1. List the relative contact order of the range 2-116 as a percent without decimals, with contacts defined as Cα pairs under 8 Å and 6+ residues apart.
2. Obtain the nm distance between the two label points defined at residue 73 and residue 37 by a simple spin-label model: each point lies 7 Å from its Cα along the Cα-to-C-beta direction.
3. Ignoring everything except DSSP H segments at least 4 long, calculate the 222 nm mean residue ellipticity for the chain; use -39,500 (n - 2.57) per segment, divide by total residues, nearest 500.
4. Taking the highest mean first, how do the peptides 208-214, 74-80 order by number of other beta carbon atoms within 10 angstrom per residue?
5. Rounding to the nearest 10 and keeping the result within 0 to 90°, find how far the Cα-based axis of helix 216-226 lies from the longest principal axis of the chain.
6. If you compute mean projected area of the Cα convex hull in nm² for the structure shown, which of (1) 11.5; (2) 19.5; (3) 15.0 do you land on?
7. In degrees from 0 to 90, rounded to the nearest 10, what is the angle of the helix 101-115 Cα long axis to the longest principal axis of the chain?
8. Could you list 152, 31, 172 in order of exposure, starting from the residue whose Cβ has the fewest other Cβ atoms within 10 Å?
Amino acid sequence: MTERILAKQRERHTMAGMLGKLGSERIIAKHRNANRLLSPVKIVNPYAGLLTFSSKSLRARRDHTKYLNLILAVTCLFQHQRKRKTVEHEGGPIEFITVTLPDIEKANEIACEVLGRSLDELSPPSRRLLGLIREMVTKECRQRGMDAEHFHFTRRDIRHFSGWSDFQVKTHVKQLEDLEYIYPTAGKKGKEYVYELLANCEISQDKPFLPGLTGMDELRKKAEKAGITDE
């Protein structure tokens, strides 16, 4: 890593480095000019109560605020495409704009890249076991007609489905637990370990994901049921 940093520092003094810096300055100037077109505006998210975020780790307290503010930032960028609304408060009008479903969809994409996890952080055996657990949970939930977030399983269930030894399951479940792909809902003090799958969304090797977010299809159904629409 140090060698790469030193090489990058030397590159800045070359012709390519000089031209690259000029190009970066033009891009920065363009973004600053675009920011001058934006004005301070209050934003209301009518879908906030329908959103979900994983609460299974302490980092959620910090990342949840980042996620909600990211949605507001996306809406702010599109403020000129949003209808200005007003509400009376303490004897005077307050102007605001509202978050739309496309804003949330774009924020979800960015959140997965910025706040999400990648399967690259898992060892190959742990990655395979995660795939088997997801397969097991999907199969059981389909048969029982229930959501994955309400389905709990044990190490014994994993061993039975995967055919792996107790040592293998215990070793790689520990990594999945440490990296928050699964969450222990019970266990320790002589009790059997019971887990919940956090990574219950479609995940791939080359795309980061953020467990716990409400999918857009589910969010649209919730919004329709609640009578919330993009105006």
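1. Worked out over the range 2-116, it gives 27 percent.
2. For the pair residue 73/residue 37, the computed spacing is 1.9 nm.
3. Taken over the chain, the calculation gives -16500 deg cm²/dmol.
4. On the way: 208-214: 19.6, 74-80: 16.7.
Top to bottom by mean Cβ count within 10 Å: 208-214, 74-80.
5. Result, in degrees: 80.
6. So the calculated entry is the one marked (2).
7. For 101-115 against the chain, the angle is about 60 degrees.
8. 31, 152, 172
Coordinate-derived values only; no laboratory data. The structure displayed is predicted, hence computed values, not measured ones. Please note: Cβ atoms are built from the backbone with ideal geometry, for glycine as well, and neighbour counts cover all protein chains shown.
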